[in-house]
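Reading through the structure tokens given below for one structure.
The values are calculated or read from the model by the stated rules, or taken from the named source; none is laboratory data. On a predicted model such as this, the values are computed, not experimentally measured, just so you know. Heads up, the Cβs are rebuilt from the backbone with ideal geometry, glycines too, and the neighbour counts pull from every protein chain shown. Note: areas computed on protein heavy atoms with side chains; ligands, DNA, RNA excluded. Shrake-Rupley method; radii C 1.70, N 1.55, O 1.52, S 1.80 Å.
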Amino acid sequence: MRIFSGIQPTGSLHIGNYFGAIRQWLDFQHNNECVFCVVDLHAITVPYDAKNLPNLVQEKAIVYLAAGLDPEKVIILVQSSIREHTELCWLLNTVTPLGELYRMTQYKEKSTKHKKEECAGLLNYPILMAADILLYDTEIVPVGEDQKQHVELARDIARRFNSKFGETFVLPKVKLPKEGARIMSLTEPTKKMSKSEADKKSSISLFDSPEEIRKKIKSAVTDTYKTIKYDKNKRPGVSNLLTIYAILSDRSIKEVEKEMKEKSYKVFKEELAELLVEKLEPFRRKREELLSREVYVREILKQGENRARIIAEAKIAEVRKKMGLY
Ligand code: ATP
Ligand code: LTN
């Protein structure tokens, strides 16, 4: 099957990105044709630092490799290196109803957050994402829960295009992980953990030092109940920590809840912090290694670009023809 997914080169990747997206990618890479993208064209829809963008892109490619994606098996790609993404985005603009875009939760949240600098790109963001997906005849899109709505819109756009111009696009399906599709912020557990959140204490980056991890978990918001119990609605903080513990220890939330039942928050948090330190250590080590191999990383991105271009050029030629472009 063809798999496509992407991450924005915004802030530092956190455990939510790992549990929601990358961990699924690792499973798919063995028996499928995968394209994993650093979506720089999406990252520029909110204010950003142009000088630093290339570094953030390179850093995300390093994370993909450090997490265990095998460049021999998958295509690792920088979105802006293939012009067909932007061309298809424009073409799909013409079959996307405006009302659908205004309905998107991410648009509502980000346009409120960036009220003064809101640009048309922020509204059209899901069309570019549809272009990414449809350009490669993608069947499965592994993402976290917040992106489900966008993948469903991509499917609608494909359906609409096919009925207007004839069978052209594969209808993509979203794939969410069983656990960890929505990891919550440590400081405000009713909000999702997010890279671009200013308060660094709200998330655990994949490359935080052991000291940073211990501090952040210690100060994570919980509640005033005495026992440790999973209740997503009434007790979002502790439920989030239990979820993280369960995923890292490869057990069910029920099992972890049972084990922690008699323990204090202090002990539970200390055990969680140590588990995080242990599980994230290989990421830190591999990243250090790759940081000094810039040429190698560039080479992988170039190779990804060359492989992706063959697919993208053929697809765009088909689309142009179907749409009657000269
Ligand atoms: P930003 O704050 O810049 O929007 P982000 O943290 O939301 O960044 P994205 O680059 O938008 O990260 O998302 C990359 C992938 O990680 C997507 O598949 C998304 O669904 C997933 N993801 C993001 N945040 C979480 C989270 N808190 N829990 C689970 N998955 C997440
Ligand atoms: N919008 C996504 C990133 C993204 C993406 C994609 C994910 C851009 N294009 C195509 C899956 C498929 C996000 O996580 N913010």
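What to note about this one:
- GNM remark for the chain: springs join alpha carbons under 10 Å apart, and the peak mean-square fluctuation among Glu117, Glu271, Glu257 falls on Glu117.
- Look at where the Cα atoms of the stretch 84-141 and of the stretch 206-231 average out, and the two centres are 35 Å apart.
- Surface accessible to a 1.4 Å probe, per residue, for the residues of the chain, Å²: 49 Å²
- Angstrom value of the Kirkwood radius, inverse mean 1/r, which spans all Cα pairs in the stretch 13-74: 12.8 Å
- Ala198 versus Ser163: modelled label distance in nm, points set 7 Å from Cα along the beta carbon direction: 4.5 nm
- For the chain, built as a Gaussian network whose Cα springs stay under 10 Å, the top-fluctuating residue of Val174, Val35, Val46: Val46
- Local net charge near Asn162, Cβ-Cβ under 14 Å (Lys/Arg +1, Asp/Glu -1): +2
- Virtual spin-label span in nm between Arg309 and Lys73, 7 Å along Cα→Cβ: 2.7 nm
- FRET efficiency for Lys215 and Cys119, using Cβ-Cβ distance with R0 set to 51 Å, rounded to 0.05: 0.90
- Phi-derived couplings, Karplus 6.51 cos²θ - 1.76 cosθ + 1.60 at θ = phi - 60°, listed residue by residue for the stretch 56-69: 5, 5, 4, 5, 5, 4, 5, 4, 4, 5, 5, 6, x, 6 Hz, with x used for Gly and Pro.
- Projected label points at Arg2 and Arg298, each 7 Å from Cα along the beta carbon direction, are separated by 3.1 nanometres.
- Per-pair calculated FRET efficiency, R0 = 41 Å: Lys108 and Glu255 via Cβ, rounded to 0.05: 0.65
- Exposure ranking of Asp27, Asp231 by accessible area [1.4 Å probe, largest first]: Asp27, Asp231
- Cut-off under 5 Å, modelled amide H: who pairs with Leu13 long-range: Leu206
- When the residues Lys116, Lys200 are ordered by accessible surface, computed with a 1.4 Å probe over the protein chains alone, the sequence from largest down reads Lys116, Lys200.
- Counting only protein heavy atoms and a probe of 1.4 Å, the accessible surface of the chain is 52% carbon and sulfur.
- Largest GNM mean-square fluctuation across Leu248, Leu98, Leu135, computed for the chain with C-alpha springs under 10 Å, falls on Leu98.
- Accessible area of Lys110 (1.4 Å probe, protein heavy atoms only, ligands and nucleic acids ignored): about 50 Å².
- Each 5 Å bin from zero holds the following percent of Cα-Cα pairs in the stretch 187-326: 2, 9, 14, 15, 13, 9, 7, 7, 8, 7, 5, 3, 1, 0, 0.
- Across the cross-link table entries Lys254/Lys279; Lys110/Lys148; Lys108/Lys269; Lys178/Lys232; Lys73/Lys164; Lys110/Lys201, which are compared at the Cα atoms, the separations over 25 Å belong to Lys108/Lys269; Lys73/Lys164.
- Heavy-atom accessible surface of Lys191, to the nearest 10 Å², is about 90 Å², with a 1.4 Å probe and all protein chains retained.
- Secondary-structure-derived ellipticity at 222 nm for the chain, considering helices only, amounts to -16500 deg cm²/dmol, per-run term -39500 (n - 2.57) for DSSP H runs with n ≥ 4.
- Diffusion coefficient (Stokes-Einstein, Kirkwood radius over C-alpha pairs, 4 °C, 1.567 mPa s) for the chain: 62 µm²/s, rounded to a whole number.
- The angle separating the long axis of helix 265-291 from the principal Cα axis of greatest extent in the chain is about 40 degrees.
- Relative contact order of the stretch 176-283, pairs being alpha-carbon contacts under 8 Å that are 6 or more residues apart, as %: 27 percent
- Kirkwood Rh and Cα Rg combined as Rg/Rh, the stretch 100-167: 1.01
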